[in-house]
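I have placed the structure first, in the form of structure tokens, so that the comments after it can refer back to it.
The values are calculated or read from the model by the stated rules, or taken from the named source; none is laboratory data. Since the structure is predicted, the reported quantities are computational estimates derived from the model, not experimental observations. No Cβ is skipped: glycine too gets one built from the backbone with ideal geometry, and neighbour counts run over all protein chains shown.
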Amino acid sequence: MKFNFQVVVIIIFIIAAIFGVLVFSGAIPLGGGGEGGLGTVVLWGTLPTSVILEPLEEFNNANPTFIVEYEEKSSETFDRDLLEALATGTGPDIFFLSDDLAYHYSDKIIPIPYANYPVASFKSVFAGAGEVFLTEAGVLAFPISIDPLMLYYNRSILDAEGIIFPPKDWEEFSFNVAKLTRKDEFNTVERSGAALGQYANVVHAKNILAMLFLQAGNPIVSETEGSFRSALNAPVGKYNLPSILEFYTSFADPENPLYSWNRSFANSADMFSNEDLAFYFGYASEVATLVNRNPNQNFFLAPVPQIKGAKSRLTAARVEGVAVAASSKNLNTALQAASLLSSSNFAAKYAPARNIAPARRDLLSAPPPDQFSPIFYSSALFARSWLDPSPQDTDAIFGSMVGAVLSNNLSPTDAVQDAGSKLELLLLK
């Protein structure tokens, strides 16, 4: 049973105030080595123990006054297992928190007050994607990794059509898709330029749409005086959200020149691996999987296209941080451990172990010299995320928004307004 969010916010501010007093009194120091931290803290995550064992052992050796013990959990049941454990008082002291669960756990973790970790300091240390953990109550988690959304492309298909470089903006992308999509005399798509327009068979459809909204300057969810509200109904200059939704669905409209995708196709990842799709939007962490699915496929990746003439660049990302459970029985050490995990050599080794980018700016400035990491790290610098109140529910909301336009049940304007109203209700629960 969920508490009224206003009550939760009040509780969080009370906890933050108490925490601030403890920090100022010296009872809870932040950073600066292992002084003050004693005993053992338990860390939960979904990364295999075999992968995290060595960097964690080095971390423990570097901080001899306390020990971090890692417990591997299933990614499929992590949320449920964590909720049950925290409810019964048997949960971890600290845990890896993904951006799409940050809102869900905001009343179960200790936020770090800005009096003790100023926003300016946070922004100087971490890339912008980590700011998804910044709320008015404080810092929900210490960012540790960024998994940016990328544009994968089949080099052989582009080469055959004389396309030298992947598109840098959506105008160029649209021109390329029209050129790369192959249709017969009955307008049946035989090879797709891009998997956009539909929802169910477009892998990461919600994230792609969210990226387009974020590129237009819409935060999707905003916070005012401790309350979170939907921002989907807010107009954003020339690139309003209905026009963006219309652009997205145009790729599934048989009457549109951009038509390249329909509901009869397999999912976009399968189509790309089968070399029936030229462009695929996927996360950096997917590169190894895509290589293994078709070792003979000639593909590479690039930053996602941007709005032409935009003053800044942006891609979507999955962000992970280290959060401190409010129920920890060793709060002092848990806070120190969480801070140090994100700021030590552990963070430098954690991200590469997951084939993604680190969240720290200094680490992003020195990518490994392999063929993919420099592109991942570059995109991570301009990646952003949003505070998703419930991944499953918002997936349904975004899916209904797209479906309503494709079925002509709602105009793009009405579909966005409907999605915004549903998101608003979700945030008020």
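Inspect region 325-337 for any residue being in the same structural domain as Ala404 (by TED's automatic domain parsing), surrounded by 16 or more Cβ atoms within 10 Å (Cβ to Cβ) and in contact with a strand residue (DSSP E or B) (Cβ under 7 Å, 6 or more places away or on another chain) and give the result as yes or no. Steps first, please.
First, pick out the residues of region 325-337 that are in the same structural domain as Ala404 (by TED's automatic domain parsing): none.
No, the conditions are met nowhere in region 325-337.
Test of understanding: among Ala269, Ala288, Ala284, Ala353, which residue is farther than 27 Å from Pro219 by Cα, among the aliphatic types (A, V, I, L, M) and within 18 Å of the chain's Cα centre (by Cα)?
Numbers: Ala269 fails: within 18 Å of the chain's Cα centre (by Cα); Ala288 fails: within 18 Å of the chain's Cα centre (by Cα); Ala284 fails: farther than 27 Å from Pro219 by Cα.
Going through Ala269, Ala288, Ala284, Ala353 in turn, just one is farther than 27 Å from Pro219 by Cα, among the aliphatic types (A, V, I, L, M) and within 18 Å of the chain's Cα centre (by Cα): Ala353.
Given Asp418, Asp388, which one is within 26 Å of Leu101 (Cβ to Cβ), buried (at least 17 other Cβ atoms within 10 Å of the Cβ) and more than 22 Å from the chain's Cα centre (by Cα)?
On the way: Asp388 fails: more than 22 Å from the chain's Cα centre (by Cα).
Of the residues listed, the single one that is within 26 Å of Leu101 (Cβ to Cβ), buried (at least 17 other Cβ atoms within 10 Å of the Cβ) and more than 22 Å from the chain's Cα centre (by Cα) is Asp418.
Residue-by-condition table, conditions (1) without any contact (Cβ under 8 Å) to a residue 24 or more places away in the chain; (2) in contact with an Asp or Glu (Cβ under 6 Å, 6 or more places away or on another chain):
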residue	(1), (2)
Thr224	yes, no
Ser230	no, yes
Glu246	no, no
Asn256	yes, no
Arg263	no, no
Glu275	no, no
Tyr283	no, yes
Val287	no, no
Val291	yes, no
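One line per residue, one yes/no per condition, for (1) in the same structural domain as Phe142 (by TED's automatic domain parsing); (2) under 25 Å from the mean Cα position of the chain (by Cα); (3) at pLDDT below 95:
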{"site": "Thr40", "(1), (2), (3)": "yes, no, no"}
{"site": "Val51", "(1), (2), (3)": "yes, yes, yes"}
{"site": "Val68", "(1), (2), (3)": "yes, no, no"}
{"site": "Phe78", "(1), (2), (3)": "yes, yes, no"}
{"site": "Ala87", "(1), (2), (3)": "yes, no, yes"}
{"site": "Pro92", "(1), (2), (3)": "yes, yes, no"}
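Of the residues Gly193, Gly197, which is at negative phi and either crowded, with 22+ Cβ neighbours inside 10 Å or part of a strand (DSSP E or B) (or both)?
Values: Gly197 fails: at negative phi.
Unique residue meeting the criteria: Gly193.
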